[in-house]
Amino acid sequence: DSGVTQTPKHLITATGQRVTLRCSPRSGDLSVYWYQQSLDQGLQFLIQYYNGEERAKGNILERFSAQQFPDLHSELNLSSLELGDSALYFCASSVAGGTSGGQETQYFGPGTRLLVL
Amino acid sequence: QKEVEQDPGPLSVPEGAIVSLNCTYSNSAFQYFMWYRQYSRKGPELLMYTYSSGNKEDGRFTAQVDKSSKYISLFIRDSQPSDSATYLCAMRGGTSYGKLTFGQGTILTVHP
């Protein structure tokens, strides 16, 4: 158990709908990352937050948005869902978000499996 | 062309074999190199973490980084059926905060 929790574990929804994925980081970790894992694209970085502020952005669609709350949990909002959005969505957390200049482990949660029908 | 290339396999070996997993990359800014293991329907877990070029050993696992060739490897000695998983290489630059760039992952099966 990495200490990172994600809810829900599974989500089935229809095209055009909107869903919210939730992540709670490990105790003491200030940075949260979101990744998408699909068969054709592999594991891809979406976005990073550090202590409530957006820190880095990857290949995140405009239909997707995220935020990190004062208690450090994070939510990933996916809207106008398409069939191609079906994937595993992982949240990871780390202590300092890569600012320390040294080695820093990202701990991954169990993921949310999203199926868009 | 992807920044990180990894042969997806699948790779099937008998128990006790030495396994070699590899990744190549194109971005010279990558300084930190990792190997993650992912069991089916689970999140990735960190196996090895290496900074810059060199070797690092941890039990049955050895990670090698050759920055001049832009090539990293993971060796598993005395492989066990419990090593059956997908192995993902990951990398990040020194100024890219925490963003990790992953390889496609190699599916490994170790047969008893």
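The values are calculated or read from the model by the stated rules, or taken from the named source; none is laboratory data. Computed from a predicted structure; not experimentally measured. For neighbour counting, all protein chains shown are included, and Cβ atoms are generated from backbone atoms with ideal geometry for every residue, glycine included. These area figures cover heavy atoms from the full protein model, side chains too; ligands, DNA and RNA do not enter into them. Shrake-Rupley method; radii C 1.70, N 1.55, O 1.52, S 1.80 Å.
With contacts taken as Cα pairs under 8 Å and at least 6 residues apart, chain A reaches a relative contact order of 37 percent. Contact residues in the stretch A:28-75 (at least 30 Å² less accessible area with all protein chains than alone, 1.4 Å probe): A:35, A:37, A:43, A:45, A:55. Over the protein assembly as shown, accessible surface divided per residue gives 47 Å², non-protein components excluded, 1.4 Å probe. Taking only protein heavy atoms and a 1.4 Å probe, the accessible area of chain B is 49% carbon and sulfur. Taking Rh as the Kirkwood radius computed over C-alpha pairs, what is the Stokes-Einstein D of the protein assembly as shown at 10 °C in a medium of viscosity 1.306 mPa s, expressed in µm² per second? Roughly 88 µm²/s, to the nearest whole number.
Subtracting the Cα-Cα distance of residue A:79 and residue A:20 from 0.36 nm times their residue separation leaves 20.4 nm of extension gain. Contact order, relative form, for the stretch B:6-73: 28 percent (alpha carbon pairs under 8 Å, 6 or more residues apart, mean separation divided by residue count). The loop-placed GluC sites (Glu not before Pro) in the stretch B:2-96, going by DSSP, that have at most 16 neighbouring Cβ atoms within 10 Å of their Cβ come out as B:3, B:15. Restricting the stretch A:32-72 to trypsin sites (Lys or Arg not before Pro) that sit in a DSSP loop and have at most 10 other Cβ atoms within 10 Å of their own Cβ leaves nothing.
Treating each Cα of chain B as an identical point scatterer and summing with the Debye formula, the log10 of I(q)/I(0) at q = 0.16, 0.18, 0.20 Å⁻¹ comes to -0.67, -0.85, -1.04. Computed from backbone phi, the HN-Hα couplings of the stretch B:36-47 come to 10, 10, 10, 7, 4, 6, 10, x, x, 10, 6, 9 Hz, rounded to whole numbers (Karplus: 6.51 cos²θ - 1.76 cosθ + 1.60, θ = phi - 60°; Gly and Pro given as x). Comparing each chain alone with all protein chains together (probe 1.4 Å, DNA, RNA and ligands left out), the residues of the stretch B:71-100 losing at least 40 Å² of accessible area are B:92, B:97, B:98, B:99, B:100. Taking the DSSP bridge list for chain B and keeping only pairs wholly inside it, about 90 percent are antiparallel. Among the trypsin sites (Lys or Arg not before Pro) in the stretch B:25-112, those located in a DSSP loop and surrounded by at most 12 other Cβ atoms within 10 Å of their own Cβ are B:41. Extents of the stretch A:1-61, largest first, come to 36, 23, 21 Å (Cα atoms, principal axes, whole angstrom). What's the whole-number percent of alpha carbon pairs in chain A lying beyond 16 angstrom? Cα-Cα pairs in chain A separated by more than 16 Å: 57 percent. When accessible surface is computed with a 1.4 Å probe, chains A and B are found to bury approximately 1800 Å² between them, both chains counted.
For the protein assembly as shown, the number of Lys pairs separated by eight or more positions or lying on different chains, with C-alpha atoms closer than 25 Å, is 17. Within the stretch B:37-55, the residues that become at least 10 Å² less accessible when every protein chain is included than when their own chain is isolated (1.4 Å probe; DNA, RNA and ligands ignored) are B:38, B:41, B:42, B:43, B:44, B:46, B:49, B:51.
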